[in-house]
Number of protein chains: 2
Amino acid sequence: MNPIEGHLPTRSPLHDILAPGGIAVVGASADPTKRGYKAMVGLIKDGYRGEIYPVNPKADMILGVKAWPSVTAIPGNPALALICTPAATVPGLIAECGRRGIKGAVILASGFAEIGEEGAALEREMMEKARAHGVRIIGPNTSGLFNLHHRINLLSLDNVKPGGVGIISQSGNMLLSLALEAQYNGNVGFSTYVGPGNQSDIGFNDYLRYLGEDENTRVATLYVEGFRDGRKFLDVAREVTAMKPVVVYKSGSTEAGQKAASSHTGALAGSYAMTVDLLKQAGVSVVQHSDEILPVAEGLGLLQKARGKRVAVISDGGGQATIASDRLAEAGLELAELSESTRQQLRDVLFPQASTVNPVDVAGSTDANPSLLATCMEIVAADDNVDSVFLVGMFGGYSIRFAESLLGDEMRGAEAMVDLSKSTTKPLVIYSLYTPIKPPALRRLHEAGLPIYASIEHAVRVLAALGERGQYLAQVERQSRERSVEPVPELTALFREAQADGRDLFEYEAKRLLRDHGIEVPLELVVRNEAELAEAAGQFGETPLAMKVVSKDILHKSDAGGVKLNVVGEAAMREARDAILASCLAYDADAEIEGILVTPMAKKGVEVILGVIRDPIFGPVLMFGLGGIFVEILEDVAFRAIPLSRRDAEEMVDQIKARKILDGVRGEKAVDKAALVDLLLKVSRIVEAYPELSELDLNPVIVNADGYAVVDARVIVERGHSDNTSADKEAH
Amino acid sequence: MNPIEGHLPTRSPLHDILAPGGIAVVGASADPTKRGYKAMVGLIKDGYRGEIYPVNPKADMILGVKAWPSVTAIPGNPALALICTPAATVPGLIAECGRRGIKGAVILASGFAEIGEEGAALEREMMEKARAHGVRIIGPNTSGLFNLHHRINLLSLDNVKPGGVGIISQSGNMLLSLALEAQYNGNVGFSTYVGPGNQSDIGFNDYLRYLGEDENTRVATLYVEGFRDGRKFLDVAREVTAMKPVVVYKSGSTEAGQKAASSHTGALAGSYAMTVDLLKQAGVSVVQHSDEILPVAEGLGLLQKARGKRVAVISDGGGQATIASDRLAEAGLELAELSESTRQQLRDVLFPQASTVNPVDVAGSTDANPSLLATCMEIVAADDNVDSVFLVGMFGGYSIRFAESLLGDEMRGAEAMVDLSKSTTKPLVIYSLYTPIKPPALRRLHEAGLPIYASIEHAVRVLAALGERGQYLAQVERQSRERSVEPVPELTALFREAQADGRDLFEYEAKRLLRDHGIEVPLELVVRNEAELAEAAGQFGETPLAMKVVSKDILHKSDAGGVKLNVVGEAAMREARDAILASCLAYDADAEIEGILVTPMAKKGVEVILGVIRDPIFGPVLMFGLGGIFVEILEDVAFRAIPLSRRDAEEMVDQIKARKILDGVRGEKAVDKAALVDLLLKVSRIVEAYPELSELDLNPVIVNADGYAVVDARVIVERGHSDNTSADKEAH
């Protein structure tokens, strides 16, 4: 669905649950080591303004709040219950919650599906009660939640402040880690945190929709071990990323990580490379290192997006300018080519020995006048060739390193940078080696909402994310809905027939499916007699042909003399046919010969592979790569969820490492990429039109400068379900 | 040279210069913004115990120290001069220094080779004076130096403390950045820092030798933009890494970075991939991100090396255990398989829901008893399957997160970890999300010399470096000197002849060179007459042969019918010869035919490439990779400096991504890697034996399960220099 046309159809029911007017704390306790104590303290200390109902049959008061012996005894109408009691008590409590009108319950206990079959049974029992009583479930096996703008802090974290970063994390430690980083290295505040735990009811897609709608959330940040309904998540992500940035760290990039994740939350990890491709397709900013999550979320939440990939570097040290240049290039960004006018303006303010070629190295010009760095940033930000500005070096520390008297000038510089950040549409990304000290000029920048990075590497990840987001949004705006195709009744009938026979499509049926939808599949005719030969000759004209014996008795066609190549014209075809028949009968006098297959000679070109799978998590996915070792050994393939946009198809072709081969090597012409993109789109439409198609494999497709030819095609038929979508749903 | 047999032959002259009894500060100043002020303050404040001689014709006293009007006026005998005056004054001052008996001069000024030809001329003039007057030069274009154990702090950094990390950095900002990181995130002290600047005299290899000898330095850490004499550096590195860890960050991983580096220090960057391979070959720990330099140096300096790659992870959060597992696998490390006894011991102390499969997840067992983490570390450290222990999670923060009463238990845990670090030979690497807060238990670990990491990613880089270092040292110990070969006079004569003719070796000469040194090059005979045919038939016996016309007039041999394949036996050879001659004369009656080339049919197998270059920075280097797209498109190649050890050759073959193809794909047998290793070693020995050989190219070599065959060989001859090594030297 096109995200620009799309809109979130209904308001998420999570708003009521996550910003409730009252909260029941089941298992509330006065014992400081218990979660039922922590939650009470968190709510009271942060000044939660709703009603708090501690539930504990053994206490009258907890932390000065009247306690109730059971959920049913609560007099008010809390929307949310926090359940701190052991797993075995949960199903019964859910039923009580439902009877009391409680809409949502947070289940902290572990001991559910993540521990195996016994726990899974308990989880099913819990869900039956939840559905029967209309209670939505957060968790189980969750660390809890907070909603700081509503003063709801069920974790009793005392180092978090309200702000724009929403977090959904399957790791409680990850939240703690982000909170500490935010406190010590950044100026980051949080909106809502939820630990989705086992996601037995509410899943990532529901939480993401909520964060998308939540006006306090500027950037949605997710730590994901596994999606339950990945297809739904992609759909929601596409809508949310059109409005605000979504940052995802997906664990399980290796087999070792996938095993660890599955013993942690019982989640299926799925193919990591595929997951990353599909998330990016939906506009998600994917972060690959855990220590980059907060820097990237902070940058995307606070800074302008970049229009493109051209970065201007301003540096007061050649070494760090060099490091920045390396990292930028590795991240696929470019050093902007500064205009002559920009360079002249830089020369006007800097020492003669300064380098005004990007990366700009001030070479001492700012030692006695650090505010000049802001001037340089202004100059390059005004250059049309520049998409983002990257300050690298010791800004903020001049007054520490050189002379205290420079403090005033540094503060003026910081002020000028703040002004620039307001007047420019380009992001200003600042790395300072003095970040750990938090000197006054850096504090000023922080207060004004400009993040400061302590690592060149992290700053470059932010620049990359800003550039990718800018480019994603630009293409989303341009993009029109790709037209779909209607299924052809005769072709649908082929699927039905195959389903009835319990088989897949025959190769000729698969090829017909493709051909009838406009895909180039070379014609193959089986010639059984003189008339068919004449007809084939008429159809192929002067095209050089390959002719091959068709006989179940002759396996090694070449050995039997059953193959003739480069045959041109009717006379030659007849001669070749006669030679094949003679030779094959000489080879095996008893061979039953059905006919001679006639088809144009195979094109010369590059072998590529297209595959379609129905992924259990993400649904129909198209895979593209070069044939042979590229797929098998190097795993150099691109994935996109079906349906593809034209841009998706173009990016797929450009994404693979082997694209250089498509661009032509050793003097070969570049292949016809437009034809390849067209093929990818047509396959995507076919998959949409025929839910009976389960898998498809075009291997190889030969592509060259003149187009492509599908040499081999295989179509696997969905068995036993006429409606594939509903079948998929049942698998969850 | 074998590092174990080797020893540093002479003591580095840098000890005198870097720990001088007196220092002249030329351009000393009372102006706080001047470097001549900073240096004075640094020396005085840190309590430098030698004599300080400020040189300034306009002052009698500077900061309470008597000043001298010129270098020659100095009464004492300082070994070192810090020259803070502009570039143009430097040559004259160097001469004065020499006359005063000063052994070394630090030149801060820029404006030398890094700015172009004019500066290069000044640098040459300076070096002439330096050589004439016996003064060694640090810089020019350097940020200076410190030697904290000798209270020499010419940078006047006030946040560094003496310790074991020696730093040589072509970036002054990098030093500042490391110093701030050390102060805020680590417990790291420094020994010597030098900025080598343009290295016009003293280069990285000299500084590295000094750090290798310096007893205060536990780990040598280098930020390198470019080496002047890379071969010498490798030789020194091999000696030093046998004694202590050497960490190198090499800039210029991309073209953008190489350009930036060259405008910064005027250094040639060279091929990054090659540099990394050669440094690793010499035992250097190469760091690829600038924010990993200090963590890795700290870890290598403080922790035990690991015997291998098997890591045991102890974690109090499943999510972070998962992240750690992913990063470990990506870094080429393994999750150790814990023994049943180890798992039982873990079960005995942990809750039943804990996972005792590595990564161990305590699943809440330590919430009320954090010292149990130390117990778990002890248990896994005792397992023979474990090479290193990785603690991941919130240790140090239990008393903050849960209850203050846990502080005592956390301190006991820290004490137990300190004890374990002393009793085990395995490294304990600790990540805590509470690192930014520096809680008491983490401070205790720091004080005891256990580094604490704030990022799982950085901690894993440390584990990888410890594992690589352990494995490097183990193989260095095992390794015996590879025997070399003597040049054969007849073959040397071939080179001389080619040199005299101003040409390279003919292909048959190149092949003879290889064949005579035991390399498998299929025999090729040119048959010109009946007798030669009979002789060839005798030599080849029943081997299937390829026969090809040899004629300068026939370019397209196949079109002319000039090729016959799979010819077996004398009769068939004669028949093929006759057919070729008849066919070729029919094709071109005037063709002059020299004879028929007879050679065994090419093996079927995998095409690999071996190349030798004489790199201007690193000297003779061997390159290995798979043929075709692997070298050309994917740049999937391995480099090693010649001479290679057997281990080098083995690692080369295993390093390339395409090794899976050598191991056999699609049911193919694995190729004979031992034969390939043997080939690499033989080529290495040939290059050693013949300095006249400039470049060598074996492309392709066909390798399969039965061995290899060199199909094509090219040898480029060193022109005009009989001694290649001396020629290389002149190029610098």
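The values are calculated or read from the model by the stated rules, or taken from the named source; none is laboratory data. Predicted model, so just to flag it, every value in this text is computed and none were measured. Note that we place each Cβ from the backbone using ideal geometry, even for glycine, and neighbour counts take in every protein chain shown.
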| Does segment B:285-325 hold any residues that are outside any strand (DSSP E or B), under 28 Å from the mean Cα position of the chain (by Cα) and of a type in the set (D, E, K, R), and which are they? | B:291, B:292, B:298, B:305, B:307, B:309
| field | The lone exception for residue B:491 - which of (1) crowded, with 17+ Cβ neighbours inside 10 Å; (2) in a loop (DSSP other than H, G, I, E, B) it fails | value | (2)
| field | Number of the condition not met by residue B:566 [criteria: (1) surrounded by 15 or more Cβ atoms within 10 Å (Cβ to Cβ); (2) assigned to a strand (DSSP E or B)] | value | (1)
| What number of residues in segment B:326-343 are of a type in the set (Lys, Arg) and part of a loop (DSSP other than H, G, I, E, B)? | 0
| Has segment A:624-633 got at least one residue that is modelled with pLDDT under 95, surrounded by fewer than 22 Cβ atoms within 10 Å (Cβ to Cβ), away from every other protein chain (no Cβ under 11 Å) and under 17 Å from residue A:707 (Cα atoms)? | yes
| query | Tell me, which residue of segment A:195-227 that is touching a helix residue (DSSP H, G or I) at 6+ places or on another chain (Cβ under 6 Å) and among the hydroxyl-bearing types (Ser, Thr, Tyr) is nearest to residue A:259 (Cα to Cα)? | reply | A:223
| task | Evaluate the following for residue A:279: is it touching a Gly at 6+ places or on another chain (Cβ under 7 Å) and under 30 Å from residue A:161 (Cβ atoms)? | result | no
| Which one of the conditions (1) crowded, with 22+ Cβ neighbours inside 10 Å; (2) part of a helix (DSSP H, G or I); (3) within 14 Å of chain A (Cβ to nearest Cβ) does residue B:679 fail to meet, given that it meets all the rest? | (3)
| query | Looking at segment A:613-641, which of its residues are in a loop (DSSP other than H, G, I, E, B) and farther than 30 Å from residue B:661 by Cα? | reply | A:616, A:617, A:618
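Condition check ((1) farther than 24 Å from residue B:658 by Cα; (2) of a type in the set (D, E, K, R); (3) in a helix (DSSP H, G or I)) across all residues:
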{"residue": "A:581", "(1), (2), (3)": "yes, no, yes"}
{"residue": "A:584", "(1), (2), (3)": "yes, no, yes"}
{"residue": "A:611", "(1), (2), (3)": "no, no, no"}
{"residue": "A:643", "(1), (2), (3)": "yes, no, no"}
{"residue": "A:652", "(1), (2), (3)": "no, no, yes"}
| said: residue A:249 - would you say it is in a helix (DSSP H, G or I), at pLDDT 95 or above and assigned by TED's automatic domain parsing to the domain that holds residue A:116? | reply: no
| message | Given (1) part of a loop (DSSP other than H, G, I, E, B); (2) closer than 30 Å to residue B:176 by Cα, identify the lone condition not met by residue B:101. | response | (2)
| task | For residue A:45, state whether it is in a helix (DSSP H, G or I), basic (Lys, Arg) and surrounded by fewer than 23 Cβ atoms within 10 Å (Cβ to Cβ). | result | yes
| request: Would you kindly identify the strands (runs of 3 or more DSSP E) lying entirely within segment A:123-226 that contain at least 3 residues that are over 15 Å from residue A:297 (Cβ atoms)? | output: A:136-138, A:145-147
| Looking at segment B:484-507, which of its residues are over 23 Å from residue B:678 (Cβ atoms) and hydroxyl-bearing (Ser, Thr, Tyr)? | B:492
| note | Note on segment B:174-194: residues out of contact with any helix residue (DSSP H, G or I) (no Cβ under 6 Å at 6 or more places or on another chain) and within 14 Å of chain A (Cβ to nearest Cβ) are B:175, B:176, B:177, B:179, B:182, B:183, B:185
| query | Among the residues of segment A:231-247, is any in contact (Cβ under 8 Å) with a residue 24 or more places away in the chain, within 14 Å of another protein chain (Cβ to nearest Cβ) and either crowded, with 24+ Cβ neighbours inside 10 Å or out of contact with any Asp or Glu (no Cβ under 7 Å at 6 or more places or on another chain) (or both)? | reply | no
| task | Inspect segment B:640-649 for any residue being farther than 18 Å from residue B:682 by Cβ and surrounded by 15 or more Cβ atoms within 10 Å (Cβ to Cβ) and give the result as yes or no. | result | no
| task | Could you please let me know if residue B:346 is free of Cβ contacts under 8 Å to residues at least 60 places away in the same chain, in a helix (DSSP H, G or I) and buried (at least 16 other Cβ atoms within 10 Å of the Cβ)? | result | yes
| field | In segment B:530-543, residue nearest to the chain's Cα centre (by Cα) [restricted to those that are under 19 Å from residue B:581 (Cα atoms) and touching a residue at least 40 places away in the same chain (Cβ under 8 Å)] | value | B:536
| message | Checking the structure you have, find out if any residue of segment A:426-435 is assigned to a helix (DSSP H, G or I), away from every other protein chain (no Cβ under 11 Å), under 21 Å from residue A:380 (Cβ atoms) and out of contact with any Leu (no Cβ under 7 Å at 6 or more places or on another chain). | response | no
| field | Test: residue A:409 is more than 9 Å from every other protein chain (Cβ to nearest Cβ), in contact with a Ser or Thr (Cβ under 8 Å, 6 or more places away or on another chain), not in a helix (DSSP H, G or I) and not β-branched (Val, Ile, Thr) | value | no
| Residue in segment B:609-620 that is on the phi > 0 side of the Ramachandran plot and within 14 Å of another protein chain (Cβ to nearest Cβ) present | no
| request: Among the candidates B:10, B:72, single out the residue that is at pLDDT 90 or above and either surrounded by fewer than 20 Cβ atoms within 10 Å (Cβ to Cβ) or assigned to a loop (DSSP other than H, G, I, E, B) (or both). | output: B:72
| query | Got at least one residue in segment B:292-302 being more than 13 Å from chain A (Cβ to nearest Cβ), of a type in the set (Asp, Glu) and under 27 Å from residue A:290 (Cα atoms)? | reply | yes
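Listed here are the residues, each with its yes/no results for (1) surrounded by fewer than 24 Cβ atoms within 10 Å (Cβ to Cβ); (2) in contact (Cβ under 8 Å) with a residue 24 or more places away in the chain; (3) aliphatic (A, V, I, L, M); (4) in contact with a His (Cβ under 7 Å, 6 or more places away or on another chain).
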| site | (1), (2), (3), (4) |
| --- | --- |
| A:137 | no, yes, yes, no |
| A:141 | no, yes, no, no |
| A:148 | yes, yes, yes, no |
| A:158 | yes, yes, no, no |
| A:166 | no, yes, no, no |
| A:182 | yes, yes, yes, no |
| A:189 | yes, yes, no, no |
| A:194 | no, yes, yes, no |
| A:216 | yes, yes, no, yes |
| message | I'm told residue B:394 meets every condition in (1) touching a residue at least 40 places away in the same chain (Cβ under 8 Å); (2) within 19 Å of residue B:184 (Cβ to Cβ) except one. Can you identify the failing condition by its number? | response | (2)
| said: Just to be sure before I move on: is residue B:285 crowded, with 24+ Cβ neighbours inside 10 Å and more than 19 Å from residue A:174 (Cβ to Cβ) in the structure I sent? | reply: yes
